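Undergrad: Sharing a structure, written as structure tokens. Questions coming.
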Amino acid sequence: MTAAQEAVVAVTDSLRRSIALLNIALLFIFSSAQADVLPDERIDVMYHSYNGGGTQIDGPAVLVRKNFGNSISVSGQYYVDSISGASIDVVAARGVDVESGASPYAEKRKQKDLGLIYLRDRTTINLGYSTSKENDFDSTTYSFSISQTFFGDLTTVSLNTSFGEDFISRNDDPTFEEQEAERRRYSINISQILTKNLIAALSVESAVDEGYLQNPYRTIRYCVDNDGDNSICSGSSLPAKEKYPNTHNSDAVGIRAIYYLPYRAAIRADYREFSDSWGIEASNYELRYTHPYKDWLFEFKYRAYEQTAADFYSDLFPYVDYQNFMGRDKELSPLTTTTFGLGVTYQLPTGVIPWFDKSTVNLYWDHIKLDYKDFRNVLVHQNRAPGDDPIPFGQEPLYQFDANVIRFFWSFWY
Amino acid sequence: MIPSPKAVRGLLLLGLLCLSACGRVEPWVKPYERQNIADPLMSFDRDPISSAYLHHVYDAREAARGGDGGAGGGCGCN
């Protein structure tokens, strides 16, 4: 055996012994830590309803999760939105008389989601696939995330990414050429057990959208006599198509925490800051109190949200080609939303519904008040009674409405 | 150049020490002290079907998106 061959054998031998030692150490390290567990196997059946601003959206949703062994979990969701009525944007753009229902507006959106979780020790890999279909909008999203627990399972870090593709058309205009948009999201979530009664989480998320990002139905309005000054027209106004930028980047940072009170109840606080490349800055906070009583669980919630306007937003443009990008989407205007929420859960006695270990019935009601700070209610013109003084264009009352959101669902654990 | 067996063993032992150090970080909340944390009340997402729906409602009515602890997917359907 040559000297070189002897050296190779010695190195190989050394490597083998060291790897054996490493395996023993890893065994010690990992056996001292509790492995993570898969989510609960459960079936959820929900009826959801949103009613506000002239629009009623409701429908069913079903979510099923099944585990295979200790490392694979599969979930599937089917979700339907049945949309009826018409929001102020649709009414203003199409001249539909919502109150009389003269031109009924109805459509459906169907969403399907598939999820796969692979768990190994303290690492979880999550794959997701989602499709959403309407008669004028198709969307597909693929997502991937990996998470790992550290420090005796006190810390969980997850990295998430998703890619989505949208295809947009118009159901009232066959000459409208189908448009596309791509959506990418990147986020990191860190959740941390801080004390035996306090858990907190931090989320940082960036989104990048490219393509056709506007709503093909929505319009801006501009002064017909090119005489707009301080967003008031001396004459009347006309609609024109919106023009949005083809890119939209945004960043959001959210922090939330839940504290277990000295008696069995919990208080939760959430805060989020948001900014985007369109000039919108937003923040919201939420407080939630959850209180169990015997087989019941009660939840009380308050949430406040505010945002500034997009740079290219105006309620009323002075003339038709006032600037490169123009939008009058009310979601781009400065606005606040305030939500009060109540929820109640009842856990059915074991055995009432056979085959299931645990079953609950849940009812949640959220009342959302939406106040637009620079989006005016143009419907006052068409709703004006004969004899009333005309309201100058640009001086209509600010738009606001209340929405009620209902979630009624049954959950079964097995 | 073939590294000496000593160098290989040294490098592996160094890695081993690092891993052992990571594994020995003492959790300040012991596993037997986590009964409150394990209570379903302390879950950020107690009922995923319900919270995903409410996120969708907010996404449709507000410009802000993300940063709320979701998986970063979204159907882009608002």
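Nothing in this text is a laboratory measurement; each read-out follows from the coordinates by a stated rule. For clarity, every value in this text was computed on a predicted model and none was experimentally measured. So basically every Cβ, Gly included, is an ideal-geometry build from the backbone, and we count neighbours across all protein chains shown.
Undergrad: If one takes the longest principal axis of the Cα atoms in chain A, at what angle in degrees, from 0 to 90 and to the nearest 10, does the Cα axis of helix A:3-31 lie?
TA: 60
Undergrad: Additional query: To make sure I understand, if each residue's beta carbon is the centre and we count other beta carbons within 10 Å, what order do A:H381, A:H248 fall in, fewest to most?
TA: A:H381, A:H248
Undergrad: Evaluate the relative contact order of the stretch A:177-300 (contact order divided by residue number), counting alpha-carbon pairs under 8 angstrom at least 6 apart; express in whole percent.
TA: Relative contact order, the stretch A:177-300: 20 percent.
Undergrad: Just rank B:F44, A:F274, fewest to most, by other beta-carbon atoms within 10 angstrom.
TA: So the residues, fewest neighbours to most, are B:F44, A:F274.
Undergrad: Rank by packing, highest mean first: peptides A:232-240, A:335-343, with packing defined as the count of other Cβ atoms within 10 Å averaged across residues.
TA: Going from most to least packed, we get A:335-343, A:232-240.
Undergrad: Averaged over B:32-41, how many beta carbons belonging to a partner chain fall within 10 Å of each residue's beta carbon?
TA: 6
Undergrad: Then there's this: From the helices alone, meaning DSSP H stretches of at least four residues, give me the mean residue ellipticity at 222 nm for chain A, per-run term -39500 (n - 2.57), in deg cm²/dmol to the nearest 500.
TA: After summing the helix terms and dividing by the residues of chain A, the value is -3000 deg cm²/dmol.
Undergrad: To make sure I understand, if each residue's beta carbon is the centre and we count other beta carbons within 10 Å, what order do A:E182, B:E26 fall in, fewest to most?
TA: B:E26, A:E182
Undergrad: May I pose another question? What translational diffusion coefficient, to the nearest whole µm²/s, does the stretch A:51-95 have by Stokes-Einstein, given a Kirkwood radius computed over alpha-carbon pairs, a temperature of 37 °C and 0.692 mPa s viscosity?
TA: 244
Undergrad: Just counting partner chain Cβ atoms within 10 Å, what average do the residues of peptide A:177-189 show around their Cβ?
TA: Going residue by residue through A:177-189 and averaging, the value is 3.
Undergrad: Ok, one more. With contacts defined as alpha carbon pairs under 8 Å and 6 or more residues apart, what's the relative contact order of chain A in percent?
TA: 12
Undergrad: Now a separate question. For the stretch A:286-414, what class follows from the C-alpha gyration tensor (a ≥ b ≥ c being the square roots of its eigenvalues): rounded when a/c is under 1.5, otherwise prolate if a/b is larger than b/c, else oblate?
TA: Prolate, since a/c reaches 1.5 and a/b exceeds b/c.
Undergrad: Going by amide H atoms built from the backbone, whose H comes under 5 Å of the H on A:R376, apart from near neighbours?
TA: Amide H neighbours of A:R376, under 5 Å, 5+ apart: A:Y399.
Undergrad: ³J(HN,Hα) across the stretch A:368-374 via Karplus (A = 6.51, B = -1.76, C = 1.60, θ = phi - 60°), whole Hz, x for Gly/Pro?
TA: Per residue, the Karplus-derived 3J(HN,Hα) values read 10, 9, 10, 10, 9, 8, 8 Hz.
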